[in-house]
Amino acid sequence: MFDRKIIDELKVCKGYSIALLTTFNFEINFFERCILHTLHDNEIRKVEIFVDSKELDKAIYENRENNLNKKYVVNPISIKSAFHPKIILLLGEKKAKLIVSSANIKTSGYTLNNEIYNVFIYDEKNQNNLNLINNAIQFFCELNKISYYIDEDIFNSIKEFVYTKKINDNNDIKFIQNLEIPIIEQLTNIIKEKIESIDIAVPYFDNKLLAYKDLQEKFECSNINLYIQNGKSTFPITYNQENNILKEERIKPYYILKSNDKKNFYHGKVFRFNTACTSYILYGSSNCTLSAMSKTYKNRGKHRM
């Protein structure tokens, strides 16, 4: 599960002409050496990255010799908190590939960390992901509107792809982002059954467990289990002990992931909402923080997917 890397998915991406990416942290050398090179090898020449503006400033300061806006477009997103989604959308005339992940475009994110990602393909044999792909395209269109540099070239090209005008309602997978509506509000609209328990495996938490409290209240569920990596999670141990918020048995600590026996930093973000008969999984870039789960980017929320 954690041994296959996103870069492996990019190596087998023939038949696409456009690549759209998002990231919070950005390591220019790694991107140009590994990702851009791989995309170009697969004849993908139109490449655009949307990056948190403050993190992009740091990246440029650390690497002044680069090919930004020469061989690819880098578009800074400036919001009150942080621009945080990590997705890749590859588009071709008759096919598309969407990668939703927890990985930033860095050496650590793509090679060292234990990250979570999933791949959704649309082509003639895989029609069910059509709405998911088009929702991702719309997400990037909205980013383009609020970015520093409005790119008409790439987005006019996308309009020519025939599948952007089609609809398919066969897939119950949802593309969730918090441009306008908080993630937790969208989840309560999607999940109609009573939640029996919630499992959370993320590295970062509020220092007063505000998102945890909001989840508990919104879903009327006190049966919440946390899976945290000892020494690497920001779970507020002292605050929790002083305020007796989570019982000890609800916290499942670990050092090494059994799936690959590695101590590498677990950077994945997964929430599982369990009902009496099924489970709903939320994954992507959202940590268990109030800005990620309970706010939009307009009211100081971290922009997530």
Task: Which numbered condition residue 29 misses (of (1) farther than 27 Å from residue 152 by Cβ; (2) surrounded by 17 or more Cβ atoms within 10 Å (Cβ to Cβ); (3) over 21 Å from the mean Cα position of the chain (by Cα)) - done: (2)
TODO: Examine region 240-257 for a residue that is among the hydrophobic types (A, V, I, L, M, F, W, C) and part of a helix (DSSP H, G or I), and state whether such a residue exists.
DONE: no
Task: Selection within region 162-192 - in a loop (DSSP other than H, G, I, E, B), surrounded by fewer than 10 Cβ atoms within 10 Å (Cβ to Cβ) and over 19 Å from the mean Cα position of the chain (by Cα) - done: 167, 169, 170, 192
Open item on the list: From the list 291, 285, exactly one residue is farther than 14 Å from residue 199 by Cα, within 24 Å of the chain's Cα centre (by Cα) and not in a helix (DSSP H, G or I). Which is it?
Closed with: 285
Open item on the list: Looking at the structure I just gave you, is residue 54 in a helix (DSSP H, G or I), out of contact with any helix residue (DSSP H, G or I) (no Cβ under 6 Å at 6 or more places or on another chain), more than 28 Å from residue 161 (Cβ to Cβ) and of a type in the set (D, E, K, R)?
Closed with: yes
Open item on the list: Can you tell me how many residues within region 186-198 are out of contact with any Leu (no Cβ under 8 Å at 6 or more places or on another chain) and touching a residue at least 40 places away in the same chain (Cβ under 8 Å)?
Closed with: 7
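One line per residue, one yes/no per condition, for (1) touching a Ser or Thr at 6+ places or on another chain (Cβ under 9 Å); (2) surrounded by 13 or more Cβ atoms within 10 Å (Cβ to Cβ):
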site	(1), (2)
220	no, no
243	no, no
247	no, no
257	no, yes
260	no, no
265	yes, yes
278	no, no
288	no, yes
295	yes, yes
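Restricting the search to region 108-129, which residues are part of a helix (DSSP H, G or I) and touching a helix residue (DSSP H, G or I) at 6+ places or on another chain (Cβ under 6 Å)?
Answer for region 108-129, where residues must be part of a helix (DSSP H, G or I) and touching a helix residue (DSSP H, G or I) at 6+ places or on another chain (Cβ under 6 Å): just 110.
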- [ ] Would you mind stating whether residue 150 is in the same structural domain as residue 79 (by TED's automatic domain parsing), part of a helix (DSSP H, G or I) and not polar (S, T, N, Q)?
- [x] no
Open item on the list: Quick test for you: out of 274, 178, pick the one residue that is outside the structural domain of residue 288 (by TED's automatic domain parsing) and either under 25 Å from residue 6 (Cβ atoms) or touching a residue at least 40 places away in the same chain (Cβ under 8 Å) (or both).
Closed with: 178
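Looking at region 70-105 only, could you name the residues that are among the basic types (Lys, Arg), more than 20 Å from residue 45 (Cβ to Cβ) and more than 14 Å from the chain's Cα centre (by Cα)?
Taking region 70-105 as the starting set, the residues that turn out to be among the basic types (Lys, Arg) are 70-71, 80, 86, 94-95, 97.
Next, from what is left, pick out any that are more than 20 Å from residue 45 (Cβ to Cβ): 80, 86.
Listed by number, the list holds a single entry, 80.
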Open item on the list: For residue 30, only one of the following conditions fails: (1) out of contact with any helix residue (DSSP H, G or I) (no Cβ under 7 Å at 6 or more places or on another chain); (2) part of a helix (DSSP H, G or I); (3) modelled with pLDDT of 95 or more. What is its number?
Closed with: (1)
Open item on the list: Residues that are surrounded by fewer than 18 Cβ atoms within 10 Å (Cβ to Cβ) and either of a type in the set (A, V, I, L, M) or without any contact (Cβ under 8 Å) to a residue 40 or more places away in the chain (or both): does region 98-110 have at least one?
Closed with: no
Task: Residue that is nearest to residue 183 (Cα to Cα) [pool: residues in region 199-240 that are β-branched (Val, Ile, Thr) and free of Cβ contacts under 8 Å to residues at least 24 places away in the same chain] - done: 237
Open item on the list: When you check residue 199 against the structure, is it part of a helix (DSSP H, G or I) and surrounded by fewer than 19 Cβ atoms within 10 Å (Cβ to Cβ), yes or no?
Closed with: no
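The values are calculated or read from the model by the stated rules, or taken from the named source; none is laboratory data. Bear in mind the structure is a predicted one, so any value in this text is a computation, not a measurement. We place every Cβ from the backbone using ideal geometry, glycine too, and count neighbours over all the protein chains shown.
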